[in-house]
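Before any comments, here is the structure.
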Amino acid sequence: MEKRIIPARLDCLDDATGFVEQILERAGFSEEKILQVHLAAEEIFVNIVSYAYPSGEGEAELRCELLQTPDRVRITFVDSGEPFDPLAQEDADTSEEGLLGREGGLGILLIKKLMDHVSYRYVNGKNELTIEKRK
């Protein structure tokens, strides 16, 4: 498992997504799969930056682990912000009427659609959002 601790700031977004992409490239993931994971990682990191630390700056820990049977990657995003389970929220209404005036909720729906598995847990004062993608 490889991990990196990155300041939860928007100017560090490229560090977070670049870290994930390097691991996927080394593991032989296709460009399409790398792009899908990149989009999910970007959404999760931006949410940590935007919501996890309303009173100031914090950190995001990214844990990337290659799982061999079957070949897949597991990435866990960890923050010490307020407990928040994005999977407990109702899926966004993507009808034309539902999208009018809507704020938020589409990102987690995108993540659920792009990833093979998404899970959340709150452990020892930390949010852990895990995504998995097969090769």
- How many of the residues making up the range 110-130 are closer than 16 Å to A88 by Cβ and under 12 Å from the mean Cα position of the chain (by Cα)? 9
- Can you find a residue in the range 53-67 that is modelled with pLDDT of 95 or more and within 20 Å of L110 (Cα to Cα)? yes
- Message: Quick check on the range 121-135: of everything there that is of a type outside the set (A, V, I, L, M) and surrounded by fewer than 16 Cβ atoms within 10 Å (Cβ to Cβ), which residue is nearest to F29 (Cα to Cα)?
- Response: K135
- Message: Can you say whether E31 is of a type outside the set (A, V, I, L, M), over 19 Å from N124 (Cβ atoms) and surrounded by 13 or more Cβ atoms within 10 Å (Cβ to Cβ), as far as the supplied structure shows?
- Response: no
- Please state which one of D85, D79 is in contact with a strand residue (DSSP E or B) (Cβ under 8 Å, 6 or more places away or on another chain), within 18 Å of N127 (Cα to Cα) and in contact (Cβ under 8 Å) with a residue 60 or more places away in the chain. D79
- Take L62 and decide whether it is of a type in the set (A, V, I, L, M, F, W, C), within 19 Å of H117 (Cβ to Cβ) and either exposed (fewer than 15 other Cβ atoms within 10 Å of the Cβ) or free of Cβ contacts under 8 Å to residues at least 40 places away in the same chain (or both). no
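The values are calculated or read from the model by the stated rules, or taken from the named source; none is laboratory data. From a predicted model like this one, the values you see are computed outputs, not experimental measurements. Reconstructed Cβ throughout: ideal geometry from the backbone, glycine too, with neighbour counts over all protein chains shown.
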